[in-house]
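Asker: Have a look at this one before I ask anything.
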Amino acid sequence: MRILVLLGAPGAGKGTQAHVLARHLALPRVATGDLFRAAARDGTPLGIAAQAYMERGELVPDEITIGMLLERLEAPDAGRGVILDGFPRNRPQADALDRALADRGAAVDAALLVDVPADELLRRLTGRWLCSAAGHTYHETAYPPRVPGVCDIDGSALVQRDDDRPEVVQARLDKQLGALADVVEHYRAAGLLRTVDGRRPIAAVTSDLLDAIEPIPYWRSHP
Ligand code: AP5
């Protein structure tokens, strides 16, 4: 089972890169934020509970998040492994993931930190547009779609996220960066952390991420 963890501040480019890596490595992308937004759209109790935290820019409590993620890892398409986008977000989540994988005889292969300075994050998030079908990402000035309002990849309409309003973005940065630092430290201590410069163009960041996992023997021998 191959497990890649993508780490980064809100707006660092995790989702953008996770979509590309998922296609490149033929692994599913599992994004806790997407799972919460889908549950909220469906009006499930979990989704309604999560939405209140997301609107305030806070992390959803671990007792909701960890169970949801571990259940997702049981799905048949996750049998070969996954690219985790947005999980783990704090130390208890990282510990829970390690324990759950160990129970399956697996472990995190690498934690890839997409590093972007805080002043760039606000600009990225407030200008972000997402495709409504699959969440492909665009930016109104840096990476606009070929046709305004339409996804280049699947032709669906582009939308903005409720939590990309400037005041919520600022709250997300204020409330979440401390926990991210703990997770980064967790993987650094385990020798699994690889850091790439997220300020580079999207294709260059992808290339750096692929270079970062290339030395892992398992990945090299199972393309
Ligand atoms: P989630 O959906 O995970 O959001 P996030 O972590 O805040 O990250 P984003 O999706 O906003 O940003 P990204 O890093 O994916 O950047 P993107 O690629 O889109 O979580 C939302 C909420 O759900 C959380 O706030 C929390 O409440 C809750 N939640 C989720 N997981 C949780 C968990 N595990 N525990 C508890 N709560 C949880 O790119 C951003 C923009 O930049 C785009 O416009 C893109 O085009 C542009 N861009 C990307 N790369 C580049 C580049 N190289 N150069 C220039 N522009 C770029």
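The values are calculated or read from the model by the stated rules, or taken from the named source; none is laboratory data. The model shown is predicted, which means the values in this text are computed figures rather than measured ones. Counting neighbours? That spans all protein chains shown, and the Cβs are built from the backbone with ideal geometry, glycine included.
Asker: May I ask you to verify whether V82 is under 21 Å from I213 (Cα atoms) and either within 10 Å of the ligand (Cβ to nearest atom) or without any contact (Cβ under 8 Å) to a residue 60 or more places away in the chain (or both)?
Answerer: Judged against the criteria, V82 is not a match.
Asker: Still on this structure, please answer the following. Of everything in the range 92-137 that's within 11 Å of the ligand (Cβ to nearest atom) and free of Cβ contacts under 8 Å to residues at least 24 places away in the same chain, which residue is surrounded by the most Cβ atoms within 10 Å (Cβ to Cβ)?
Answerer: So the residue we want is G127.
Asker: Evaluate the following for L4: is it hydrophobic (A, V, I, L, M, F, W, C), surrounded by 16 or more Cβ atoms within 10 Å (Cβ to Cβ) and either near the ligand (Cβ under 10 Å from one of its atoms) or more than 30 Å from H139 (Cα to Cα) (or both)?
Answerer: In short, no.
Asker: Limited to the range 138-149, what total is found for residues that are within 7 Å of the ligand (Cβ to nearest atom) and of a type outside the set (A, V, I, L, M)?
Answerer: Summing the residues that are within 7 Å of the ligand (Cβ to nearest atom) and of a type outside the set (A, V, I, L, M) in the range 138-149 gives 3.
Asker: Residue by residue through the range 182-218, note down the ones that are surrounded by fewer than 16 Cβ atoms within 10 Å (Cβ to Cβ), more than 28 Å from Y143 (Cα to Cα) and under 17 Å from the mean Cα position of the chain (by Cα).
Answerer: The answer is D182, and nothing else.
Asker: Scanning for something buried (at least 17 other Cβ atoms within 10 Å of the Cβ) and in contact with a helix residue (DSSP H, G or I) (Cβ under 8 Å, 6 or more places away or on another chain), does the range 145-155 turn up at least one residue? Break it down stepwise before answering.
Answerer: Residues of the range 145-155 buried (at least 17 other Cβ atoms within 10 Å of the Cβ): 145, 151.
Next cut, in contact with a helix residue (DSSP H, G or I) (Cβ under 8 Å, 6 or more places away or on another chain) only: none.
No, because not a single residue in the range 145-155 is buried (at least 17 other Cβ atoms within 10 Å of the Cβ) and in contact with a helix residue (DSSP H, G or I) (Cβ under 8 Å, 6 or more places away or on another chain).
Asker: Have a look at D197, D182, D208, D152 and point out the one that is over 16 Å from G8 (Cβ atoms), modelled with pLDDT of 95 or more and within 13 Å of the ligand (Cβ to nearest atom).
Answerer: After ruling out the rest, the residue left standing is D152.
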